[in-house]
Structure formats: structure tokens, C-alpha cells
Amino acid sequence: MLCALLHVAALLIGLPALQHLERLLSKSHARRRVSAFLASAVLVLVIVAAHTLLIWIWAASIYATGAFANFATSFYFSTTTYTTLGYADLVLPE
């Protein structure tokens, strides 16, 4: 539920921000282009932070269920699963 709320919030905030950046980039003034570039860089960092937060949320959830003995293993599993690498060296117990 928390992950779904985070996704919805990111869309509600991110889409208007992208529309604003598009308007800034369509202007020909150099100062506006620099500010649009900086805003784009900040937006990318926010997106990376949101994905990182989701990985931590999944790791905490997996650890809370007792699926793995320690948090580091839960974090490793959630990271490889979230990024779709899925090495299959760890699997959830049945």
C-alpha cells in the first residue's frame, strides 16, 4: 500500500513538473535553459531517491516477515529483484 501511494504521489508531482520543464526548455533564453537543466537534474535525483526508498521499503517488509535471517540479505534480495536482475542465488522460502 505504501509503495502504491508513493507511485501515485510521484506521478501527481512529477507530471506537472515535467510540463513546466518543457515550457522552460521551449524558451530560447540561455538563463531559462540553465534553470531548466538544473531542475531536470534535481528531478532525476528525486526519481533515483524514490526508487531507492522503494527498495528499502521492500527490504524492510521482507525482513519483517522473517523470510531472511538478517536485514542485509533482505536488502540484497529486494535490490536484485527490484532491478529485475534476479540472480536466483536467493529465493524466498515457501
key: Within a Gaussian network of the chain (alpha carbon springs, distance under 10 Å), most fluctuating of Thr80, Thr52, Thr65   = Thr65
task = Once you have a ≥ b ≥ c as the square roots of the Cα gyration tensor eigenvalues for the chain, tell me rounded if a/c is under 1.5, and otherwise prolate or oblate according to whether a/b is larger than b/c.
result = prolate
query = For the modelled label position 7 Å from the Cα of Leu53 along Cα-to-Cβ, which residues of region 1-25 have backbone nitrogen atoms closer than 18 Å?
reply = 1-18
ask   = To the nearest 20 debye, what is the magnitude of the charge dipole of the chain about its Cα centre, counting +1 on the Cβ of each Lys and Arg and -1 on the Cβ of each Asp and Glu?
value = 800
message = In whole Hz and in residue order, list the ³J(HN,Hα) couplings for region 45-51 that follow from phi through the Karplus curve 6.51 cos²θ - 1.76 cosθ + 1.60, θ = phi - 60°; x for Gly and Pro.
response = 5, 5, 5, 4, 5, 5, 5
key: Mean ellipticity per residue at 222 nm, deg cm²/dmol - from DSSP H runs of n ≥ 4 across the chain, formula -39500 (n - 2.57)   = -27000 deg cm²/dmol
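Since every read-out is calculated from the coordinates, none of them should be taken as a lab result. Note that the structure is a prediction, hence the values are computed from the model and not measured. Ideal geometry is used to build each Cβ from the backbone, glycine not excepted, and the neighbour counts take in all protein chains shown.
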